[in-house]
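Everything on this sheet refers to the single structure shown next.
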Amino acid sequence: MHYGHAIARIPAITCAQGLTTSNLGSPDFALTLQQFDAYIHTLLSLGLTVTTLPDQSAFPDSHFVEDTAVITPEFALITHPGATSRRGEIHSIAPAIARHRVVMEFMSERAHMDGGDVLMVDKQFFVGLTSRTNEAGIAELATLAESYGYTVHAIEVSEGLHLKSIVNYVGKNTLIMNEEGVNHPAFKGFNHIVLAKEEEYAGNTLWINDTLITPKGYPDTYQKIEKLGLPIISLDTSEFRKMDGGLTCLSLRF
Ligand code: CIR
C-alpha cells in the first residue's frame with residue numbers, strides 16, 4: 001500500500017452548521033482553517049500531491065471528503081452518503097476523482113455508505129455497519145471490489161460515528177482499535193494496539209506511507225504507537241472533533 005495523491009476540500013464558513021453528536025461547542029472558523037492548513041502541509045511534507053478543492057458553503061460537512069468515495073488502485077466508487085444533508089457533496093467530488101481513475105462507479109440510491117466506514121488494508125476491506133452505512137452499501141462495494149480480488153468484511157459498529165472513528169491501520173501489520181474490536185474474528189490476522197477508553201478519539205490516527213499522523217493531546221496512545229518505531233506527527237484537531245471529524249476524514253488518499 002502506498003499513497004501518492006490526496007484530495008481535500010477547504011472548510012466552508014458554514015462548517016459549524018454541519019452534523020455533530022459531540023457537545024464540545026461550536027468550531028472556531030479561523031482555527032479550523034489553521035488546523036486544515038497544517039494538515040495539508042503535513043501531507044505535502046510527506047511527498048503527496050494534494051488537490052485542494054474550493055469550499056462549498058451549501059455543504060457544511062463537505063471538507064470531510066473521505067466520506068464521498070472509496071478509491072483503490074483499480075477503481076473509484078462514489079458513495080451515496082448516509083446523511084441526506086451530505087448527498088450533494090458527491091457531484092463536485094466525482095470530477096476531481098475521474099481525473100485519476102478510469103473505472104469510476106456510483107452507488108445506487110438504496111445503498112448508503114460513508115467512506116469513514118471503509119478501512120482498506122492491502123487487498124482487504126473492513127466496512128462498518130453503522131447509522132451511515134447499510135448492508136446494501138456494503139454489498140455494492142463487495143461486488144465491485146471482489147471482482148478485483150479484494151475481500152470485504154462487514155463489521156458491526158456500536159460506538160462512534162464511523163468504523164474509522166476508532167479502528168485504523170497503523171503499519172507493521174497492526175490495527176489500532178478499542179477493546180470492542182480486539183476479539184472480532186475479521187481482525188485476527190493483525191497485531192492490535194488497544195486504546196484507553198478515555199482516548200478513543202486517537203484511534204483516528206492516519207497512516208501515510210509508514211508515517212503516522214495522530215491527534216495531539218492523547219499521551220497514552222502516543223506512547224503505544226511510538227513502540228512501532230515509525231515517525232509520528234501530532235496535529236491539533238480540536239475544531240474538527242467538535243463536528244465529529246478527525247484526521248482520516250479530511251482527505252481521500254490513493
Ligand atoms: C458528519 O457527521 O458527517 C460530519 N460532521 C463528520 C464526518 C466525519 N467523517 C469521517 O469521520 N470520515
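The values are calculated or read from the model by the stated rules, or taken from the named source; none is laboratory data. Keep in mind it's a predicted model, so treat the numbers as computed, not measured. Backbone-built Cβ (ideal geometry, glycine too); neighbour counts: all protein chains shown. Quick note on the areas: whole protein, heavy atoms, side chains included, nothing else; ligands and nucleic acids left out. Shrake-Rupley method; radii C 1.70, N 1.55, O 1.52, S 1.80 Å.
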Local electrostatic count, Glu198, Cβ distance below 13 Å [Lys/Arg +1, Asp/Glu -1]: -3
Whole-Hz couplings from phi, Karplus 6.51/-1.76/1.60, listed for the stretch 172-187; x for Gly and Pro: 6, 6, 10, 10, 9, 6, 8, 3, 4, x, 4, 8, 5, x, 5, 9
Qualifying trypsin sites (Lys or Arg not before Pro) for the stretch 146-245 [loop in DSSP, other Cβ within 10 Å: at most 10]: Lys188, Lys227
Over the stretch 5-253, what percent of the accessible surface lies on carbon and sulfur atoms, probe 1.4 Å? 53
Using the heavy atoms of the protein chains alone and a 1.4 angstrom probe, what is the accessible area of the stretch 5-253 per residue in square angstrom? 41
Take the chain, connect every pair of alpha-carbon atoms lying under 10 Å apart with a spring to form a Gaussian network, then pick out the residue of Val118, Val103, Val182 with the largest mean-square fluctuation. Val103
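Loop-only trypsin sites (Lys or Arg not before Pro) in the stretch 55-130, please: DSSP not H, G, I, E or B, and at most 16 other Cβ atoms within 10 Å.
Values: sites: Arg86, Arg87, Arg99, Arg101, Arg110, Lys123; in loops: Arg99, Arg101, Arg110, Lys123.
When the trypsin sites (Lys or Arg not before Pro) of the stretch 55-130 are filtered for loop state and at most 16 Cβ neighbours within 10 Å, Arg99, Arg110, Lys123 remain.
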Lysine pair number, Cα distance threshold 25 Å (strictly under), the stretch 5-253, separation 8 or more or different chains: 26
